[in-house]
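The values are calculated or read from the model by the stated rules, or taken from the named source; none is laboratory data. Only a predicted model underlies this, so the values are computations on that prediction, with no experimental measurement involved. Every residue, glycine as well, gets a Cβ built from its backbone with ideal geometry; the counts of neighbours run over all protein chains shown. Side chains are part of the model used for accessible areas, which takes the heavy atoms of the whole protein and leaves out ligands, DNA and RNA. Shrake-Rupley method; radii C 1.70, N 1.55, O 1.52, S 1.80 Å.
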Amino acid sequence: MAKKGNSNLVPEARDALDKFKMEAAGEVGVNLKQGYNGDLTSRQAGSVGGQMVKKMIKAYEDGMK
């Protein structure tokens, strides 16, 4: 089975997502490095993803006002 990943993203979108991820990681106190972060615990990875979702929901709600 072929790996999907983020290969469909334009380079600018990938850069923006990486910046967004690093910002969210900093907010929850997770140290991310550029590239592979396979040494993160599930809890750490989940907290970064959760923070990203929170920020996206807030941005959407603020845009509705």
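For this structure, a couple of remarks:
- The chain - percent of accessible surface contributed by carbon and sulfur, probe 1.4 Å: 57
- For the chain: lysine pairs under 29 Å (alpha-carbon distance), excluding those fewer than 8 apart on one chain: 26
- Magnitude of the charge dipole, the chain, Cβ model with Lys/Arg +1 and Asp/Glu -1, debye to 20: 180
- Once the C-beta distance of residue 41 and residue 62 is scaled by a Förster radius of 25 Å, the resulting FRET efficiency is 0.20 to the nearest 0.05.
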